[in-house]
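Here's the structure we're looking at; comments come further down.
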């Protein structure tokens, strides 16, 4: 008897609406910098939006400096190209956001 014979066998199926293997192949970490002019309040609004977007953040970095007009949030999320475009549009629609720069 081999060791593998005692393991339970499970089958994998893609979640409904996931796009299947093509979706997973095109999903990769994508970094964006979101710029706000509202200081700490703007950064907190962006952080709340990121928290509620339903994706796991791979990186989250905030840059707020006294005396500097703009603050930024740099984040990395695993997304497809279409999801990245939607993310850029969604973040850009927030009143506190001045710019969204994908890397």
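The values are calculated or read from the model by the stated rules, or taken from the named source; none is laboratory data. Given the structure is predicted, the values throughout are model-derived calculations rather than measurements. Note that each Cβ is placed from the backbone with ideal geometry, even for glycine, and that neighbours are counted across all protein chains shown.
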Restricted to the range 49-85, and to residues that are assigned to a helix (DSSP H, G or I) and under 10 Å from the mean Cα position of the chain (by Cα), which residue is farthest from residue 35 (Cα to Cα)?
83
Could you please find all residues in the range 47-82 being closer than 15 Å to residue 30 by Cα and in contact (Cβ under 8 Å) with a residue 40 or more places away in the chain?
73, 74, 75, 76, 77, 78, 79, 80, 81
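For the range 89-103, enumerate the residues that are under 15 Å from residue 36 (Cβ atoms) and not in a loop (DSSP other than H, G, I, E, B).
Within the range 89-103, 90, 91, 92, 97, 98, 99, 100, 101 qualify.
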So which residues in the range 58-71 are surrounded by 12 or more Cβ atoms within 10 Å (Cβ to Cβ) and either in contact with a helix residue (DSSP H, G or I) (Cβ under 6 Å, 6 or more places away or on another chain) or farther than 16 Å from residue 103 by Cβ (or both)?
62, 64, 70, 71
Among the numbered criteria (1) at pLDDT below 95; (2) touching a helix residue (DSSP H, G or I) at 6+ places or on another chain (Cβ under 6 Å); (3) under 13 Å from residue 91 (Cβ atoms), which single criterion is violated by residue 52?
(2)
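Could you say which residue among 80, 36 is surrounded by 15 or more Cβ atoms within 10 Å (Cβ to Cβ), touching a helix residue (DSSP H, G or I) at 6+ places or on another chain (Cβ under 6 Å) and modelled with pLDDT of 95 or more? Step through it out loud before you land on a result.
Values: 80 fails: modelled with pLDDT of 95 or more.
One residue alone meets the criteria, 36.
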